[in-house]
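Taking it in order: structure first as structure tokens, then the write-up.
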Amino acid sequence: MTEQQTVGKSPRLYVEAALAGDVEVTLSGPQSHYLRNVMRLKPGAVVRLFNGCDGEWQATITDLGRKGGSAMCTAQTRTLEPMPDVHYLFAPLKQARLDYMAQKATEMGAAVLQPVQTRFTMVSRIKHERIRANAIEAAEQCNLLGIPEVRDLIRLDRLLEQWPQDRALIYCDEAAEIASPLTVLGTIKPGPVAVLIGPEGGFSGDERELLRTHAHVTAISLGPRIMRADTAAVAALTIIQAVLGDWA
């Protein structure tokens, strides 16, 4: 196996520290445990580090202790790539499905994860750090160079009050006319975009009316079948990335 192939198969870790040549980066206790006890690595082994702003760096492990470790950056392997300007807005779900949703939205290229409180939202509290941890795990495993920003929970009406006029908002509505979402999205000018998935109980009549009053808001149908909210997230982000995102 060549050196390049070895580096390509080495573990990837997200770190908060700045990355540059000959910079030694501190690794957390859980990261040290993962490298030492799960991956069975020792000092001298190669890892890849990223922090969302300095690209990806090859680094050599210098220490793996019980409370933490360290690695020395040796070469940049990838420069930073801009994330698609796609925001994912969602009514919070129960924990296991929220974990799945955060991972898949990250994999699909969402730059922002925004929880939204609606009338029929069943979960009123979210664990911000748990969502972020799932996003980091997805980014590490899928060779992403950044992680989405995780924002605080906000009520739908307040979100719409402060909505930026230059960002299109697409919401998935099971009550919308069943038409090809590709055709509907094709009428939207490319640019900043967000997708909103409501709770499993759907949007209330008042919420639908509120959404319709905004000129920059578009409703789409995801077809004749009712999807769970976490499944709808993947379906909607796939369509939007294909038409308005970095797949287009």
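Read-outs throughout are calculated quantities, based only on the coordinates presented, and are distinct from any laboratory measurement. Keep in mind it's a predicted model, so treat the numbers as computed, not measured. When we count neighbours, we look across all protein chains shown, and the Cβ atoms used for this are built from the backbone with ideal geometry, even at glycine.
Using a simple charge model, +1 on the beta-carbon of Lys and Arg, -1 on the beta-carbon of Asp and Glu, nothing else, what dipole does the stretch 1-100 show about its Cα centre, in debye to the nearest 20?
On the way: 11 positive and 10 negative charges, 130 e Å.
Rounded to the nearest 20 debye, it is 620 debye.
Net charge near P43: determine it from the other residues with C-beta under 13 Å of the C-beta of P43, scoring Lys and Arg +1 and Asp and Glu -1.
Numbers: positive: R36, R40, K42; negative: E24, D63.
Here the count lands on +1.
Beyond a 27 Å Cα-Cα separation, which of these cross-linked pairs lie in this structure: K104/K127; K42/K127; K9/K67; K9/K104; K9/K127; K67/K94? The partial results should precede the final answer.
Values: K104/K127 17 Å; K42/K127 34 Å; K9/K67 25 Å; K9/K104 22 Å; K9/K127 32 Å; K67/K94 32 Å.
Over 27 Å apart, Cα to Cα: K42/K127; K9/K127; K67/K94.
If the elastic network links every pair of Cα atoms under 10 Å, which of R125, R36, R225 fluctuates the most in the Gaussian network model of the chain?
Comparing R125, R36, R225 in the GNM, the peak value goes to R225.
Looking at the stretch 1-141, what % of its DSSP beta bridges pair antiparallel, to the nearest 5?
Values: 17 of 24 bridges.
Bridges in the stretch 1-141 that DSSP calls antiparallel: roughly 70 percent.
Rounded to the nearest 0.05, what FRET efficiency is calculated for V23 and E209 with R0 set to 45 Å and r the Cβ-Cβ distance?
On the way: r = 54 Å, r/R0 = 1.20.
Step by step, r from the Cβ atoms, then E = 0.25.
If you line up the long axis of helix 128-141 against the longest principal axis of the chain, both from Cα atoms, how many degrees apart are they, to the nearest 10?
That helix lies at roughly 60 degrees to the long axis.
Please compute the contact order of the stretch 3-78 in relative form: average sequence separation of alpha-carbon pairs under 8 Å and at least six residues apart, divided by the residue count, as a percent.
On the way: 164 pairs, mean separation 27.8, N = 76.
RCO, the stretch 3-78: 37 percent.
How large is the charge dipole for the chain, taken about the Cα centre, if only the Cβ atoms of Lys, Arg (+1) and Asp, Glu (-1) carry charge, to the nearest 20 debye?
Numbers: 26 positive and 28 negative charges, 163 e Å.
That gives the chain a dipole magnitude of about 780 debye.
Under a Cβ-Cβ cut-off of 14 Å, what is the net charge of the residues other than D63 that fall near it, where Lys and Arg count +1 and Asp and Glu count -1?
Values: positive: R36, K42, R66, K67; negative: E24.
Its environment carries a net charge of +3.
Rank by packing, highest mean first: peptides 241-247, 227-233, with packing defined as the count of other Cβ atoms within 10 Å averaged across residues.
Values: 241-247: 17.3, 227-233: 19.0.
Per-residue Cβ counts within 10 Å, averaged per peptide and sorted highest first, yield 227-233, 241-247.
State, to one decimal in nm, how far the label point of C53 lies from the label point of E16, with both points 7 Å from Cα in the Cβ direction.
In this crude label model, C53 to E16 measures out at 1.3 nm.
Does anyone have the angle between helix 95-107 and the longest principal axis of the chain? Alpha-carbon axes, 0 to 90°, nearest 10?
Between the helix axis and the principal axis of the chain, the angle is about 80 degrees.
Between beta-carbons, use under 13 Å as the cut-off and find the net charge around P148, counting Lys and Arg +1, Asp and Glu -1. Don't skip to the end; give the middle numbers.
Working: positive: K104, R132, R151; negative: D85, E107, E137, E149.
So the environment of P148 carries a net charge of -1.
Considering the options A96, A45, G109, tell which one lies farthest towards the positive end of the dipole of the stretch 1-138, charges being +1 on Lys and Arg and -1 on Asp and Glu at the Cβ, about the Cα centre.
Result: A96.
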